[in-house]
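S.K.: Here it is, the structure, as structure tokens.
The values are calculated or read from the model by the stated rules, or taken from the named source; none is laboratory data. None of these values were measured; they are calculated from a predicted model. Neighbour counts run over all protein chains shown; Cβ positions are idealised from the backbone, glycine included.
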Amino acid sequence: MSPPDPLPPEALYRRCDPAQFDFESTAELAPLDGVIGQDRALAALRFGIGIRHANYHLFALGPPGVGRHALVRQVLEERAATEPVPSDWCYVHNFAEPHRPRALSLPAGRGKDFRGAIRELLDELRSAIPAAFESEEFRIRKQAIEETAKKRQEDAFNELQEAARARQIALLRTPVGMILAPVRNDEVLPPDQFRRLPADEQKQIQTRIEELQGRLEAVLRQIPVWEREARTQLRQLAQDVTTSAVRQLIDELRGAYRDLPSVLEHLDAMERDLIETADQFVGGSMPQPGEGGAVTARDADRFRRYWVNLLVDHGSGHGAPVVYEDHPAVQNLVGRIEYVAQLGALVTDFNLIKSGALHRANSGYLVLDARRILLQPFAWEELKRVLRAREIRIESLAQTLSLISTVTLEPEPIPLDLKVVLVGDRLLYYLLCALDPDFGELFKVPVDFADDVGRTPDTSRQFARLLATIAARDGLRPLARDGVAQVIERASRVVDDATKLSLHERTISDLVREADYFAAENGHETITRADVQQAVDAQIHRADRLRERIYEEIRRGTILIDTAAAKVGQLNGLVVSTLGNFTFGRPVRITARIRLGRGQVVDIEREVEFGGPIHAKGVLILQGLLGARFAADRPLTLHASLVFEQSYGPVEGDSASAAELYALLSALAEVPIKQSLAVTGSVNQHGQIQAIGAVNEKIEGFFDICRAGGLTGEQGVIIPRANADHLMLREDVVEEVSKGKFKIYAVETADQGIELLTGRPAGERGPDGLYPEGSINQLVEARLAGMAEIVRKFGSRDDGGRSHD
Amino acid sequence: MTAGVPMTEAPEQGSSSSFVIRRILAAFGPATLSSGALEGAADLAARLGAELEALFVEDTTLLQWTELPFIRQVSLHGLPTAPISPPELELQLRALSADAQNRLAALAAPRRLRWSFRIARGQVRGEVVAAAMGADLLVLGSTSRPFGREALFDPSVRSLIGPVRGPVLLLRAAQPPHGPVHVVIEAADQAGRLLDAAVMIAGTRAAGPVATVWVAEAPLARKLAEEVARARSAVRVQRLSDPAAHEALISAVAGGTLVLSARSSLLERQTWWQDFARGRCALLLVRSVVTDLQGGDAGARD
């Protein structure tokens, strides 16, 4: 196969002809009402949303910037708008188990009504209950109970006093109690007189005192019982009064919520509690709500438990909710229980339960960024737990981790029915599939976003509408049709493929915005081709400081690159470097040295652990290729070393394997290689040249170096034939090619490449199985045969003095 | 009525009044003068610009009785009944007096009151009567107890009233007198001094009814009505139709002070004391300067 001709200029850049567009500017275009090239993702989205079975959650995978969030949101919102508005959720006090607040579900909008109704009820009770307690009837009945109790005690004590008086005994107060002493003539008998009494009389007095002492103790013991009875009667009275004040008001609420059994149940419990704790209203004025909604401590103590904590309010909602939580910490997902400090302790109640994104998105859709949720401690595990359990159970993380020890709540779980859409990179999706067994069970629907789309007239026109949409959305100038064409060409360059268009909307939007800036600077009404090109150039200029530095070092001879003459075992390979978002190519000198050995091709990059596994694989393929082609029936007895000269960092990829092969062949054949050519491409064991990445950057890198030293017309780049469709070269490169000052060769085989590089035929085996005399392959084979013979001779001489097994 | 008069102001005691109070004695014992009564005494002293002397009597009879081995202290607070020794009782009394002194200091400071506190040991009646000789008014508190109403003026307290020469104000434990003042006049010769006492307690001679006079006998009522109509516009005369209707009287005085002659026939009735115990008023017992001194112990008999 003879070496190919250089590629014509028109093969180096696929232009977008502005004439194909029937508009002058994008102002004439309707906004894009769908997406370009995301049919697979769209179908998956619709399927995932539509299927109502559990665990069919979605993972939208693709590179950032392709519009994953926008499309997901758009589709979700379209779907959600057709679905019913979900229920409101409230937390209320659980009167039976105060640490387990109850969750109440009410139809959308009625949660707020219910909260308002309870507020009004409490306001009413604030006046109704005190009014009831201030009524004449209550006052008289209460006084009667108190009087009865006091009289009971008085009677008992008076009876005791009468008994004491009859026995001539007095009750004397001490600071903390009473003692009994005998009386004579209404005076307490002094102890010395008592001692002078006859023993019998003393004994009698003592007996009387002891008897009365017993009776006094009995009275004192009875007093708490009577007081308890009185308190019970007062409590019952208070309950009766409260019942009359409360029942009518709560009955009105019952009527309003008769269709909601759980609310009725709560109202029953609330009524019971109000009545049972009615004595809290006795003996003090009722607290008034604090100003501006503030709660006084007393008010809080008495009424907080009757409040309604409206956790989720869909009163103003239309359709199912679509929630995007951009900070998916655990508490932002499942809600949290807050605490307030009271007298140095942390306390809480159901009013301090706060909703999370799952509550707000319940019965709808929740969109989360996969990377962010994975970065949040415990959030991923919590999300999976909730999705598996299909209920939202709020647990304090600090409590779970035993970071704090205080009284907390166990709110009643809320049933969960929603779709979660994770948005993340492909790598994350594949890693989760591989490493997390729960993931596949829960996220069954991958929504795979394409990076690019085929470049056709139809997609080009859609692309123009996309640009119109971006311009309108961001308030930019419309794009002139030549501006549109330039952006389309740039979109092909971004994906390094003349037949594709990038779907990386963020990159396109950035370019259009920046082109708009230059259009303004240039005083253009529309964004023109020149504005777009200026924006591209400016992007590159902002990022290419390091590239210029490297080029400068090459020009100054600090980095050794020859672009003229010919050298044995040396040629220009091409590498690319990516710094941030900027990728550029540059030549690198690859050399090969040969000596006798055991058939080993040593990759020095690999030996010093600069070369990555793909690079090492490429070198090993070379070894296989050499052995199979030139030493199929004899030992491969060379030792070859390959190196990227002046390379001091990691090298990865096999795009230099063709270049390394050419260097080896040159070294073996001892035929010099033209340094005016640079090579990129990988080679397989059959000598076929295979496609590589970043072909445009590599060509432009060598072009820039050659142009700096002066283009001779001999210089050029050999690329794989398979990369020919990817060419979207810079305008200046194309121009020099058209002038014959620079050449691009697309080769299919290593033989084509070596012929271009050496100017000699590679040679094909003839019927005699031999390569033509003087061809590269013949020279290589002869050299290897000679080396094998030398080795053989060395081997027989070594074996002469040895015995064999 | 409750605001104390700063000492720099002249007290509202006209030179023509037969009732001038410059020194008040508040007597304490384990059974008397709770904080409410103490506050009432402090208020009154501040208003009158009088000096308040507090006397805490450690009852020797009580101490001696605790020497007897069969004496037990029955707790009012549910603790077990137990023997009590004199040192133990002394400790309790000391704690009680220290507490009373602290309370008095706290009451006196904001009222800028001149006060003193004294502890005496002896027979309660003797010590109080002796101390009352140097005072213009003796203030006694009611006995508080954990059951029923406070035992106002139980025999031990009431026994103090007779021997004391000057007026005696009996205050309730939890209710300093801030309300209306009512006077009961049963004889013409009592009228002037009782009305002076009422005005003193009411704290003003300004227009408007500061005292209601209950008069038992119709002729006397008419006479007094004419007299007070001329001289004392602040006084309203009302006839007590039946002295036995003292229950209505006590009810009318609720929250205030009833001024009685120490010789009042009401004090002779045991039922009066019972009704009085149920009421909510203080009691000021006044003696006519000559008669009562000659008459000696005229009241407070059970």
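S.K.: Can you give me the ranges of the strands (runs of 3 or more DSSP E) entirely in segment A:580-698 with at least 1 residues that are farther than 27 Å from A:Leu546 by Cα and not polar (S, T, N, Q)?
M.R.: The qualifying strands (runs of 3 or more DSSP E) are A:582-596, A:600-603, A:638-644, A:672-674.
S.K.: Given the criteria at pLDDT 90 or above, part of a helix (DSSP H, G or I) and surrounded by fewer than 17 Cβ atoms within 10 Å (Cβ to Cβ), does A:Arg258 qualify?
M.R.: no
S.K.: OK, next. For segment A:176-190, enumerate the residues that are outside any strand (DSSP E or B) and surrounded by fewer than 19 Cβ atoms within 10 Å (Cβ to Cβ).
M.R.: A:Val176, A:Asn185, A:Asp186, A:Pro190
S.K.: Please identify the pairs in which a residue from segment A:395-410 that is at pLDDT below 70 has its Cβ atom under 6 Å from the Cβ atom of a residue that is not in a loop (DSSP other than H, G, I, E, B), counting only partners at least 6 apart or on another chain.
M.R.: Close Cβ pairs satisfying both conditions: A:Ile404/A:Ala398; A:Thr406/A:Leu346.
S.K.: Looking at (1) more than 9 Å from chain A (Cβ to nearest Cβ); (2) in contact with a helix residue (DSSP H, G or I) (Cβ under 7 Å, 6 or more places away or on another chain); (3) surrounded by fewer than 17 Cβ atoms within 10 Å (Cβ to Cβ), can you tell me which one B:Phe70 breaks?
M.R.: B:Phe70 satisfies all of (1) more than 9 Å from chain A (Cβ to nearest Cβ); (2) in contact with a helix residue (DSSP H, G or I) (Cβ under 7 Å, 6 or more places away or on another chain); (3) surrounded by fewer than 17 Cβ atoms within 10 Å (Cβ to Cβ) except (1).
S.K.: Also, I was wondering about something else. Given the conditions (1) more than 9 Å from chain A (Cβ to nearest Cβ); (2) in a loop (DSSP other than H, G, I, E, B); (3) under 15 Å from A:Arg173 (Cβ atoms), which single one is not true for B:His77?
M.R.: (1)
S.K.: How many of the residues in segment A:193-210 are more than 9 Å from chain B (Cβ to nearest Cβ) and touching a residue at least 40 places away in the same chain (Cβ under 8 Å)?
M.R.: So the answer is 1.
S.K.: Could you list all residues from segment B:53-74 that are part of a helix (DSSP H, G or I) and touching a residue at least 60 places away in the same chain (Cβ under 8 Å)?
M.R.: Result: B:Thr60, B:Thr61.
S.K.: Continuing with this model, one more query. Would you say A:Ala218 is within 11 Å of another protein chain (Cβ to nearest Cβ), among the aliphatic types (A, V, I, L, M), surrounded by fewer than 17 Cβ atoms within 10 Å (Cβ to Cβ) and assigned to a helix (DSSP H, G or I)?
M.R.: Yes; evaluated as a whole, the condition is true for this residue.
S.K.: Which of (1) touching a strand residue (DSSP E or B) at 6+ places or on another chain (Cβ under 6 Å); (2) over 28 Å from B:Val164 (Cα atoms); (3) away from chain A (no Cβ under 14 Å) is the odd one out, the single condition B:Ala106 does not satisfy?
M.R.: Among (1) touching a strand residue (DSSP E or B) at 6+ places or on another chain (Cβ under 6 Å); (2) over 28 Å from B:Val164 (Cα atoms); (3) away from chain A (no Cβ under 14 Å), the lone unmet condition for B:Ala106 is (1).
S.K.: Ok, one more. State whether the residues of segment B:271-287 include one that is modelled with pLDDT of 65 or more and over 18 Å from the mean Cα position of the chain (by Cα).
M.R.: Scanning segment B:271-287, I find at least one residue that is modelled with pLDDT of 65 or more and over 18 Å from the mean Cα position of the chain (by Cα), so the answer is yes.
S.K.: While we're here: Of all residues in segment A:156-170 being at the interface with another protein chain (Cβ under 8 Å from one of its Cβ atoms) and either in contact with a strand residue (DSSP E or B) (Cβ under 9 Å, 6 or more places away or on another chain) or without any contact (Cβ under 8 Å) to a residue 60 or more places away in the chain (or both), which is farthest from A:Gln233 (Cα to Cα)?
M.R.: Only one residue fits best here, namely A:Ala170.
S.K.: Among the candidates B:Glu88, B:Glu127, single out the residue that is crowded, with 20+ Cβ neighbours inside 10 Å, charged (D, E, K, R) and either within 19 Å of the chain's Cα centre (by Cα) or facing chain A (nearest Cβ under 10 Å) (or both).
M.R.: B:Glu127
S.K.: Between residues in segment A:173-192 that are more than 7 Å from chain B (Cβ to nearest Cβ) and residues that are assigned to a strand (DSSP E or B) and of a type outside the set (A, V, I, L, M), which pairs lie under 7 Å by C-beta distance while being six or more apart or on different chains?
M.R.: If the second residue must be assigned to a strand (DSSP E or B) and of a type outside the set (A, V, I, L, M), the pairs left are A:Leu189/A:Pro182.
S.K.: Let me ask another. Of the conditions (1) more than 9 Å from chain B (Cβ to nearest Cβ); (2) over 60 Å from the mean Cα position of the chain (by Cα); (3) surrounded by 15 or more Cβ atoms within 10 Å (Cβ to Cβ), A:Arg228 satisfies every one except a single condition; which number is it?
M.R.: Unmet condition: (3).
S.K.: Now for a different question. May I ask you to list the residues in segment A:472-494 that are surrounded by 24 or more Cβ atoms within 10 Å (Cβ to Cβ), in contact with a strand residue (DSSP E or B) (Cβ under 6 Å, 6 or more places away or on another chain) and hydrophobic (A, V, I, L, M, F, W, C)?
M.R.: Across segment A:472-494, the qualifying residues are A:Leu479, A:Ala480, A:Ala491.
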